[in-house]
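The values are calculated or read from the model by the stated rules, or taken from the named source; none is laboratory data. Note that the structure is predicted; figures quoted are calculated from it, not measured. Note that we place each Cβ from the backbone using ideal geometry, even for glycine, and neighbour counts take in every protein chain shown.
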Amino acid sequence: MTTLTDLVSYEDALASYDPVMGLEVHVELGTKTKMFCGCSTALGAEPNSQTCPTCLGLPGSLPVVNATGVESAVRIGLALNCEIAEWCRFARKNYFYPDMPKNFQTSQYDEPIAFNGYLDVQLEDGETFRVEIERAHMEEDTGKSTHVGGATGRIHGASHSLLDYNRAGIPLIEIVTKPIVGAGERAPEVAKAYVRELRELIRALGVSEARMEMGQMRCDVNLSLMPKGAEKFGTRSETKNVNSLRSVERACRFEIQRHAAVLGGGGTVIQETRHFHEDTGSTTSGRVKEEAEDYRYFPEPDLVPVAPARAWVEELRGSLPELPLVRRNRLLEEWGISATDMQAILNAGALDLIVATIEEGADAASARKWWMGELARHANESGKALDELPINAQQVARVTRLVADGDLNDKLARQVIEGVLAGEGTPDEVVEKRGLKVVSDEGALTTAVDEAIAGNPAIADKIRGGKVAAAGALVGAVMKATRGQADAARVKELILEKLGVAEG
Amino acid sequence: MTDKNSIIRLTAAETAEKIASGELTAVEVTEAHLARIEAVDEKVHAFLHVDREGALAQSRAVDAKRERGEKLGPLAGVPLALKDIFTTEGVPTTVGSKILEGWIPPYDATLTKRLKAADIVILGKTNMDEFAMGSSTENSAYGPTGNPWDLTRIPGGSGGGSSAALASFQAPLAIGTDTGGSIRQPASVTGTVGVKPTYGAVSRFGMVAFSSSLDQGGPCARTVLDAALLHEAIAGHDPLDSTSVDAPVPPVVEAARNGSVQGMRIGVVKQFRGEGYQAGVVQRFDEAVALLKELGAEIVELDCPSFDLALAAYYLIAPSECSSNLARFDGLRYGLRVADDGSHSAEEVTSLTREAGFGPEVKRRIMLGTYALSSGYYDAYYGSAQKVRTLITRDFEKSFEQVDVIVSPTTPTTAFPIGERADDPMAMYLADLCTIPVNMAGNAAMSLPCGLAPEDNLPVGLQIIAPAMKDDRLYKVGAAVEAAFVEQWGHPLLEEAPSL
């Protein structure tokens, strides 16, 4: 059911109200096996081929906790500055849905494994905002329903539904923030920055690839408005499954405008779940929550409590990798770039690639230049993420090395990159196959320079007369004649030499 | 010895010995029991499914092993009746419910695997109250089972099929499960032996759940030693069951071979008598206590006030867990599905399937449990019940500081007539008055015959309770009591049962 919604302009909304947000992020862990059985978690398998009595919920089956899942949860908790429970239990969340084989989800309720933490996030201008973390808990994913025959893939109007339980039982960590207040007009930006920071953190920990487009990380956005200066939160809406960074920001923005319109018109916001639509950037009403749904939680009697030993927790704390924000600040300093530059690198998803390229021997400036320039453009054009391009850090580093050694100039280097992207092989192979070498044969160059001077007497005269800037045209002619394979700087030198002019 | 009638009257231990020595073949033994089933089970209705082919194949394999000179296990070739709550790959498993009619499990329960690994021959699956909810087997969707002592009476429940199979000599061994007394009460009213091991001693993997924190599979037999041999075969840690105890199985067989109560302190709980206890049951129980004293035990009176709350707490915890455990029966993946004619939504199909597939007692408990767990009531019901559970555990702990084992009547009355309590759930629930506290605390307990009640000539059971992981004490005491009674009676009690 889609209805057109009146909106208040963003500025007007923020002039009257303070937004309060709560973000719930689900992360699928990258464990080899499911949370409570030994089935594979690999993506892309035949439907229902990665199932067993336990994850199908067959009568008599029982769960066993995946120890790696618990370890990942503790590491995430530690990285989020949380306290780690000394003793906690799983709980059953009871509700009927066909994609949930047991008709209850094994989750955690009032005893999460990690609680009371925070995550510092950096906004576009480099300012830091602290997001308080309520809890991080372990649970299992559901199966996947595909509704067939309806217009939009939704259950409404579908003739039947297909169920794939390969995903059922894949470990999830749900990370819930405390209410985020005080972000004001920057609330949507904070939400986006938080989800991104969390994604970077999850990746740095190596517990998940956290690819939002593949559903490995999913965000629910709770939002409410309260009149400026008020302390009592308004009624919230919960926008489900907002699955890209941009959508997180847009969903917040839209809901702020929609809530403001409802409140401004004297109405009351309904507590409900809402769906976000990528195409329009709007949300529509889902299920109305007249009262909190009763999940009849109770401690999971089929599992024993989880009691992470303190020594083990400390060992995990000691082995945490450098966290993303710390690392970014360090790199920013080392590279001598601005917060905005760093933000652009992050936005492009280039940070790890640049670091890797530097580790492969490139200098920082060149590594940045290639990834943020030529390669970012390619990625944009092909609609791919940078790390999905068919070129790796080692290859980019090799190109920068060839440039540094004078074997390639920038123009040739771009051609080499194109060749690698086109699947023609390694940079050296492309150089070889395409014959892309800087012409360093002085004899050939001199001939080309002489020809250029002879063919452009008027320009030559200008240069002789002291207009050194005019040499560009002759350099261009030489480059054209050598099909770009000459070292432009050397060409210029030769021209000036021939015309008896010293470089200013 | 090839007389079929004498084969079926052998104990499991004797049968195994004769097979091992070559005096009998496993096939002969299985055929004798299949013939007995054929002859009497129409009247008794202990079995829901007889796996003739599977049983014969297993016994042939045992005979082949023996011919090859391989060493046979202590129960190799002995037939067993398996409660229809354990999954059996390729063999129907209904849990006594319409909702699983026709379901063929794709996997064996851990217990099933262990039975097979021990070369114990599975004759078939036995009748039970639907989802193990009941004390009479009348709640089976497939009709009641008769008590071999009097076919118009109940064989106990929920494992009435298993107890009746033993008492009617259709199998020398059986498996039961005990959530509130479902092994012990049927043993009591049929004059057989049943043991609820310590919680976690026998794997629950593949045992269809009723109340996960209370359910426990265990051995049923006609003698204490047979129960011990079966106990040893099925117990032990299972990595597939997180609640399984990771410790060695107590030396139950050794204890059963060395029965004695000499110098033991044995407790009698004040709360386990009074209103509702049949006079003949109390009389036989008192005689058993006197016998224990005679055999050298010291009797200690115990006060366990929390036991009075056990039944009420049980009827909050068990239904709560069952309301969640049984949610998976929705008609979408396996078992019964009704109204699947294309005109109903998935939600309606689930609802109609559950309406048609569950019996009244199961529905009653699902509703009770759903209510008890609902928000706003959780603390008052489920939460309070868990506190009572803690109190019960403490009462047991305090008691076991003073005594080695506790004894009581297993159930307040002898077998009641089929139909008598069918419409009175509260009266039915009282059958488990003495057995429920044990499940609440996770301790081990046994029921064994201690005579016939004078007023109705029906078996009375003596319950022995031991601390968790001290299951061997049950067998030590049980074997001593059994030997003394058999000497007193001149024969095992079951010989007094009518021939069918």
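Screening the stretch A:292-306 for residues that are part of a loop (DSSP other than H, G, I, E, B) and more than 34 Å from the chain's Cα centre (by Cα) and picking the one that is farthest from the other protein chains (Cβ to nearest Cβ) gives A:Pro305.
Pull up the stretch B:85-106, narrow it to residues that are assigned to a helix (DSSP H, G or I) and within 10 Å of chain A (Cβ to nearest Cβ), then point me to the one that is nearest to B:Ile175 (Cα to Cα).
At the first step, the residues of the stretch B:85-106 found to be assigned to a helix (DSSP H, G or I) are B:98-100.
Now restrict to residues that are within 10 Å of chain A (Cβ to nearest Cβ): B:99-100.
Details: B:Ile99: 22, B:Leu100: 20 Å.
Once the filter is applied, the top-ranked residue is B:Leu100.
If you go through the stretch A:155-214 and pick out every residue that is in contact (Cβ under 8 Å) with a residue 24 or more places away in the chain, within 14 Å of another protein chain (Cβ to nearest Cβ) and assigned to a strand (DSSP E or B), you end up with 4.
Take the residues in the stretch A:110-131 that are aliphatic (A, V, I, L, M) and surrounded by 18 or more Cβ atoms within 10 Å (Cβ to Cβ); name whichever of them is farthest from the other protein chains (Cβ to nearest Cβ). Walk me through it before giving the result.
Initially, the stretch A:110-131 is screened for residues aliphatic (A, V, I, L, M), giving A:113-114, A:119, A:121, A:123, A:131.
Now narrow it down to the ones that are surrounded by 18 or more Cβ atoms within 10 Å (Cβ to Cβ): A:113-114, A:119, A:121, A:131.
Numbers: A:Ile113: 16, A:Ala114: 21, A:Leu119: 30, A:Val121: 34, A:Val131: 29 Å.
By that ranking, first place goes to A:Val121.
Just one of the listed residues (B:Pro467, B:Pro454, B:Pro459) is over 23 Å from B:Val282 (Cβ atoms) and modelled with pLDDT of 95 or more, namely B:Pro467.
Filtering the stretch B:197-214 down to residues that are part of a loop (DSSP other than H, G, I, E, B) and more than 9 Å from every other protein chain (Cβ to nearest Cβ), which residue is surrounded by the most Cβ atoms within 10 Å (Cβ to Cβ)? Looking at the filtered set, the residue picked out is B:Pro197. Listed by first and then second residue, the pairs linking a residue in the stretch B:269-288 that is of a type in the set (A, V, I, L, M, F, W, C) to a residue that is assigned to a loop (DSSP other than H, G, I, E, B) and surrounded by fewer than 16 Cβ atoms within 10 Å (Cβ to Cβ), with Cβ atoms under 7 Å apart and 6 or more places separating them unless they lie on different chains, are B:Ala279/B:Glu455.
On the stretch given as the stretch A:62-104, residues that are over 14 Å from A:Met35 (Cβ atoms), in a loop (DSSP other than H, G, I, E, B) and not charged (D, E, K, R) total 10.
Taken over the stretch A:209-259, the criterion of being within 12 Å of the chain's Cα centre (by Cα) and over 18 Å from A:Glu278 (Cβ atoms) is satisfied by A:Glu209, A:Ala210. Can you pull out the residues in the stretch A:441-458 that are over 14 Å from A:Met479 (Cβ atoms) and either at pLDDT below 80 or of a type in the set (A, V, I, L, M, F, W, C) (or both)? Those that are over 14 Å from A:Met479 (Cβ atoms) and either at pLDDT below 80 or of a type in the set (A, V, I, L, M, F, W, C) (or both): A:Asp441, A:Glu442, A:Gly443, A:Ile453, A:Ala454, A:Ala458. Apart from one condition, A:Gly69 fits all of (1) within 14 Å of chain B (Cβ to nearest Cβ); (2) under 28 Å from the mean Cα position of the chain (by Cα); (3) surrounded by fewer than 21 Cβ atoms within 10 Å (Cβ to Cβ); the exception is (3). Does A:Leu23 meet the test of being among the hydrophobic types (A, V, I, L, M, F, W, C) and over 25 Å from A:Ile202 (Cα atoms)? No, not satisfied.
Got a sec? Which of A:Ser61, A:Ser107 is among the polar types (S, T, N, Q), farther than 23 Å from A:Arg196 by Cβ, surrounded by fewer than 21 Cβ atoms within 10 Å (Cβ to Cβ) and within 14 Å of another protein chain (Cβ to nearest Cβ)? Don't jump to the end; show me each part of the working.
On the way: A:Ser61 fails: surrounded by fewer than 21 Cβ atoms within 10 Å (Cβ to Cβ).
Result of the check over A:Ser61, A:Ser107: A:Ser107.
Among the residues in the stretch B:405-413, are any touching a residue at least 24 places away in the same chain (Cβ under 8 Å), over 30 Å from B:Ala288 (Cα atoms) and within 27 Å of the chain's Cα centre (by Cα)? I'd like the intermediate steps shown before the answer.
Start the filter on the stretch B:405-413 by keeping residues that are touching a residue at least 24 places away in the same chain (Cβ under 8 Å), which leaves B:405-413.
Add one more test, that the residue is over 30 Å from B:Ala288 (Cα atoms), and what stays is none.
Scanning the stretch B:405-413 turns up no residue that is touching a residue at least 24 places away in the same chain (Cβ under 8 Å), over 30 Å from B:Ala288 (Cα atoms) and within 27 Å of the chain's Cα centre (by Cα).
Looking at A:Lys240, is it surrounded by fewer than 18 Cβ atoms within 10 Å (Cβ to Cβ) and either of a type outside the set (S, T, N, Q) or not assigned by TED's automatic domain parsing to the domain that holds A:Ile173 (or both)? No: the conditions fail for A:Lys240. Against the list (1) more than 14 Å from chain B (Cβ to nearest Cβ); (2) buried (at least 22 other Cβ atoms within 10 Å of the Cβ), the condition A:Lys102 fails is (1). Here is the figure for the stretch A:84-114: residues that are in contact with a helix residue (DSSP H, G or I) (Cβ under 8 Å, 6 or more places away or on another chain) and either at pLDDT below 95 or more than 20 Å from A:Pro63 (Cβ to Cβ) (or both) total 5.
Being closer than 30 Å to A:Gln415 by Cα and either not in a helix (DSSP H, G or I) or not acidic (Asp, Glu) (or both): is that true of A:Pro390 here?
Working: closer than 30 Å to A:Gln415 by Cα: yes; either not in a helix (DSSP H, G or I) or not acidic (Asp, Glu) (or both): yes.
When the stated conditions are applied, A:Pro390 passes them.
Return yes when A:Leu56 is of a type in the set (A, V, I, L, M), within 14 Å of chain B (Cβ to nearest Cβ) and buried (at least 23 other Cβ atoms within 10 Å of the Cβ) and no when it is not. Quick ask: steps written out before the conclusion?
Values: of a type in the set (A, V, I, L, M): yes; within 14 Å of chain B (Cβ to nearest Cβ): yes; buried (at least 23 other Cβ atoms within 10 Å of the Cβ): no.
Taking the combined requirement at face value, the residue does not satisfy it.
Counting the residues of the stretch B:245-273 that are within 14 Å of another protein chain (Cβ to nearest Cβ) and either buried (at least 23 other Cβ atoms within 10 Å of the Cβ) or at pLDDT below 95 (or both) gives 0.
Tell me, which residue of the stretch A:72-93 that is among the basic types (Lys, Arg) and within 14 Å of another protein chain (Cβ to nearest Cβ) is surrounded by the most Cβ atoms within 10 Å (Cβ to Cβ)? Spell out how you get there, then give the answer.
Residues of the stretch A:72-93 that are among the basic types (Lys, Arg), as a first pass: A:75, A:89, A:92-93.
Filter once more, keeping what is within 14 Å of another protein chain (Cβ to nearest Cβ): A:89, A:92-93.
Values: A:Arg89: 19, A:Arg92: 26, A:Lys93: 20.
By that ranking, first place goes to A:Arg92.
Taking the stretch B:32-48, which residues are surrounded by 18 or more Cβ atoms within 10 Å (Cβ to Cβ) and outside any loop (DSSP other than H, G, I, E, B)? Once the filter is applied, which keeps residues that are surrounded by 18 or more Cβ atoms within 10 Å (Cβ to Cβ) and outside any loop (DSSP other than H, G, I, E, B), the stretch B:32-48 yields B:Ala32, B:His33, B:Leu34, B:Arg36, B:Ile37, B:Val40, B:Asp41, B:Val44, B:Phe47, B:Leu48.
Return a yes/no flag: does the stretch B:340-356 have any residue that is crowded, with 18+ Cβ neighbours inside 10 Å, touching a strand residue (DSSP E or B) at 6+ places or on another chain (Cβ under 9 Å), over 27 Å from B:Asp129 (Cα atoms) and more than 14 Å from every other protein chain (Cβ to nearest Cβ). Full working, then the answer.
Initially, the stretch B:340-356 is screened for residues crowded, with 18+ Cβ neighbours inside 10 Å, giving B:346, B:349-350, B:353-354.
Filter again for touching a strand residue (DSSP E or B) at 6+ places or on another chain (Cβ under 9 Å), leaving B:346.
Going one step further and asking which of them are over 27 Å from B:Asp129 (Cα atoms), we end up with B:346.
Retained after the next criterion (residues that are more than 14 Å from every other protein chain (Cβ to nearest Cβ)): none.
No; the residues of the stretch B:340-356 include none that is crowded, with 18+ Cβ neighbours inside 10 Å, touching a strand residue (DSSP E or B) at 6+ places or on another chain (Cβ under 9 Å), over 27 Å from B:Asp129 (Cα atoms) and more than 14 Å from every other protein chain (Cβ to nearest Cβ).
Just one of the listed residues (B:Asp129, B:Asp178, B:Asp150) is of a type in the set (D, E, K, R) and surrounded by fewer than 24 Cβ atoms within 10 Å (Cβ to Cβ), and it is B:Asp150. Here is the figure for the stretch A:209-224: residues that are within 30 Å of A:Gly267 (Cβ to Cβ) and acidic (Asp, Glu) total 1. Of the residues making up the stretch B:417-433, not a single one is closer than 16 Å to B:Asp471 by Cβ and either in contact with a helix residue (DSSP H, G or I) (Cβ under 6 Å, 6 or more places away or on another chain) or buried (at least 23 other Cβ atoms within 10 Å of the Cβ) (or both).
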